[in-house]
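What follows is one structure encoded as structure tokens, with my remarks underneath.
Computed from the coordinates by the stated procedures, all read-outs in this text should not be read as laboratory data. Computed from a predicted structure; not experimentally measured. Cβ placement follows ideal geometry from the backbone for every residue including glycine, while neighbour counts extend to all protein chains displayed.
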Amino acid sequence: MSGSVSQPVPQAVLRAGQRAPDFELPSAPDHRVGTSEFRGRPAVLAFYPADWSPVCGDQMTLYQAVMPEFERYNAGVMGISVDNVWSHRAFAEDRGITFPLLADFEPKGEVARQYGVYDEHSGVCQRALFVLDGEGVVVWSQVAPPGVNPGADGILNALEGLDSGRRPVL
């Protein structure tokens, strides 16, 4: 059809049992972090809409506070949004966040799209969590409603399930 513009087809959110796409994103102007750094151990991917929003700030601060629990399961944590590295740096310093905050900035939302959690309408990542096993397979995922902090219980249950050799209940 002449003159028509094709619209991107939304991808489904990755679910348990699916291999997570590998990626590498900037965590600072001169440093990149990716899923390959966490091979052999669990990884927690926390996609969130924006650094300075109140819910996102509370969510990332909570994950920093719960970091000893994540470390107990030898899990690496990465926060991911479409904000740039400078925003991430200021936000992390302001909130005392030591785990990497990754900039899915350009091309905007490319990694979030691969995981099925980019919101085309608002131009940000949905608030989504993924726990990957040491082989990079999703063992648990959740997309929270806008404005709702999903907390850490689901993540910790998934990590406990991996640690005990059982898969988490979906």
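With respect to ILE80, is the statement that it is over 16 Å from GLY154 (Cα atoms), of a type in the set (Val, Ile, Thr) and under 14 Å from the mean Cα position of the chain (by Cα) true? Spell out the reasoning first.
Values: over 16 Å from GLY154 (Cα atoms): yes; of a type in the set (Val, Ile, Thr): yes; under 14 Å from the mean Cα position of the chain (by Cα): yes.
It is true that ILE80 is over 16 Å from GLY154 (Cα atoms), of a type in the set (Val, Ile, Thr) and under 14 Å from the mean Cα position of the chain (by Cα).
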What number of residues within the stretch 106-147 satisfy the criterion of being touching an Asp or Glu at 6+ places or on another chain (Cβ under 8 Å) and under 19 Å from ASP51 (Cβ atoms)? 5
Complete set of residues in the stretch 71-96 that are buried (at least 21 other Cβ atoms within 10 Å of the Cβ), within 13 Å of ALA46 (Cα to Cα) and not hydroxyl-bearing (Ser, Thr, Tyr): ALA75, VAL77, MET78, GLY79, ILE80, VAL82
Selection count, the stretch 77-104, where residues are touching an Asp or Glu at 6+ places or on another chain (Cβ under 7 Å) and free of Cβ contacts under 8 Å to residues at least 60 places away in the same chain: 6
Filter pass, PHE130 being crowded, with 23+ Cβ neighbours inside 10 Å and under 22 Å from THR61 (Cβ atoms): yes
